[in-house]
């Protein structure tokens, strides 16, 4: 299988989600990712997740989710010898990713201007909540803070529930994906090097283009509309016998096919539903009419039949349901690792949403234990066993 980043070495100095998720993408695209972690405690994600035992042994589910295929070394960046060792690592690397608060790397004396002297072609990516400058630069940033600041929460939910947090860390994830995209682009001109400033706030707003543009261009302030697609009707989530079914009859011909399939041809001729704009204006009344029929049968039955006649539809699934479905289970989206060290059992984790030459990019190794690769990585830099022992004894590694 093609590994487009084969031969690229990435130093992952990140914690928790946005940065590790970025480097998760790079590892699956073939990069060698060395995770540089704090001595003794490592990535905070090692202590996060739904399994208390794994948290206690620093192999938390949150860590396992996005660190497969990486190597782990420990390093104390507050120690002069630790800084010197980082520079030696940088000399061998193509990319460095960090998600400290702006200014931390400068205070440590290992920021981009310093490391660029060590490796002029270094691609240095700094991920932060609000970017490297601006009035909010000093604010701490967690996913929910960014969701609230970006406007995402204001338009999520409905009139009764908004503002509402999206059900997973969407801002962290978007920040990490944006960083991976930017790094891959910068590597196309790797001799020049680059400093990449990723703001999770800006990355999240960038994905809100449709909603934001309605305000910027049309002067319409985005609002929370729940499960309704305000651009068309009938389009949204409808109650079936056993749950919700999403239906997107966005075109007139799809609307006619839907009404006919539900045995409601009478609705097509009603003035209230004659045009797209009429249907949008009367969407809730139309929804109630359609649900009288939709509630007589299961969501998946309706989805299967409607898709067959050309009306886009799909049952609303739970996470376990979609993971078990052949559309996911049979396309290489999930990776399994047997008897993972530090975990003591088999695990399954999500890969990326990419297929290259018909295959899902994969990594060979499970998520690493803390400092698992100290000997391999540092000895390759020329650190002899005696020096390794001293550095370990003094808390440098």
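A few points about this structure:
- For the stretch 96-112, filtering for residues that are over 15 Å from residue 197 (Cβ atoms) and crowded, with 24+ Cβ neighbours inside 10 Å leaves 0.
- Residue check for residue 270: touching a residue at least 24 places away in the same chain (Cβ under 8 Å), more than 13 Å from residue 238 (Cα to Cα) and surrounded by 12 or more Cβ atoms within 10 Å (Cβ to Cβ): no
- Scanning the stretch 340-351 for residues that are under 17 Å from residue 70 (Cα atoms), surrounded by fewer than 19 Cβ atoms within 10 Å (Cβ to Cβ) and out of contact with any strand residue (DSSP E or B) (no Cβ under 8 Å at 6 or more places or on another chain) yields a total of 2.
- Some residue of the stretch 167-184 being part of a loop (DSSP other than H, G, I, E, B) and either surrounded by 14 or more Cβ atoms within 10 Å (Cβ to Cβ) or outside the structural domain of residue 21 (by TED's automatic domain parsing) (or both): yes
- When residues in the stretch 223-257 are screened for being touching a strand residue (DSSP E or B) at 6+ places or on another chain (Cβ under 7 Å) and under 18 Å from residue 293 (Cβ atoms), 12 of them pass.
- Helices (runs of 4 or more DSSP H) lying entirely in the stretch 1-87 (those with 1 or more residues that are under 21 Å from the mean Cα position of the chain (by Cα)): 18-28, 61-64
- For residue 386, the test of being out of contact with any strand residue (DSSP E or B) (no Cβ under 8 Å at 6 or more places or on another chain) and either outside any helix (DSSP H, G or I) or surrounded by 16 or more Cβ atoms within 10 Å (Cβ to Cβ) (or both) is failed.
- Complete set of residues in the stretch 115-135 that are in contact (Cβ under 8 Å) with a residue 12 or more places away in the chain and either out of contact with any strand residue (DSSP E or B) (no Cβ under 7 Å at 6 or more places or on another chain) or part of a loop (DSSP other than H, G, I, E, B) (or both): 116, 118, 119, 120, 121, 122, 129, 130, 131, 132, 133
The values are calculated or read from the model by the stated rules, or taken from the named source; none is laboratory data. Here the structure is a predicted model, which is why all the values come from computation and not from measurement. As a convention, Cβ positions derive from the backbone with ideal geometry for all residues, glycine included, and neighbour counts pool all protein chains shown.
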